[in-house]
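Report on the following structure.
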Amino acid sequence: MKRVYLFCSAGMSTSMLASKMQGIANSHDLPIEVEAFPDGKIGQIIDEKHPDVILLGPQVKYGDKGIPIQVIDQTDYGMMNGEKVLKSAIKLMKSAK
């Protein structure tokens with residue numbers, strides 16, 4: 001199971017996007033877990049859950065921890081385009097190998 005975790009200031013808006021992404025992953029039988037968290041927990045989540053990819057809300061900045069990290073496209077974020085953001089996360093995972 002691959003873990004794709006989204007982070008934003010409060011974790012609220014990304015939770016809606018994460019839910020859409022999870023639904024798309026499930027509909028395609030992809031072994032991916034998508035969850036959202038507030039950005040203040042990035043370090044804790046990395047240490048405890050060992051994500052494969054971290055996606056950040058457009059308003060969040062964070063340094064490299066050896067895990068592929070990418071800021072979510074602002075348009076895709078605003079449109080809650082779960083499919084496009086999930087594809088971006090999968091592409092990021094593959095390029096990190």
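The values are calculated or read from the model by the stated rules, or taken from the named source; none is laboratory data. Given the structure is predicted, the values throughout are model-derived calculations rather than measurements. Virtual Cβ from ideal backbone geometry, glycine too; neighbours counted across all protein chains shown. Calculation scope for accessible area: heavy atoms of the full protein, side chains included, ligands and nucleic acids excluded. Shrake-Rupley method; radii C 1.70, N 1.55, O 1.52, S 1.80 Å.
Of all residues in segment 1-17, how many are part of a helix (DSSP H, G or I), in contact (Cβ under 8 Å) with a residue 40 or more places away in the chain and surrounded by 15 or more Cβ atoms within 10 Å (Cβ to Cβ)?
Step one: of segment 1-17, the residues part of a helix (DSSP H, G or I) are 12-17.
Imposing the further condition that a residue be in contact (Cβ under 8 Å) with a residue 40 or more places away in the chain reduces the set to 13-14, 16-17.
Retained after the next criterion (residues that are surrounded by 15 or more Cβ atoms within 10 Å (Cβ to Cβ)): 13-14, 17.
Going through segment 1-17 one residue at a time, the tally reaches 3.
Scanning segment 26-62 for residues that are within 22 Å of Gln74 (Cβ to Cβ), of a type outside the set (S, T, N, Q) and more than 10 Å from the chain's Cα centre (by Cα) returns Pro38, Asp39, Gly40, Ile42, Pro58, Val60, Lys61, Tyr62. Residue under question is His28, and the condition is that it be open to solvent by 70 Å² or more (accessible area, probe 1.4 Å), modelled with pLDDT of 90 or more and on the phi > 0 side of the Ramachandran plot; does it hold? For His28, the condition - open to solvent by 70 Å² or more (accessible area, probe 1.4 Å), modelled with pLDDT of 90 or more and on the phi > 0 side of the Ramachandran plot - is not met.
Within segment 37-71, the residues that satisfy the criterion of being at pLDDT 85 or above and open to solvent by less than 30 Å² (accessible area, probe 1.4 Å) are Phe37, Ile42, Gly43, Ile45, Ile46, Pro51, Val53, Ile54, Leu55, Leu56.
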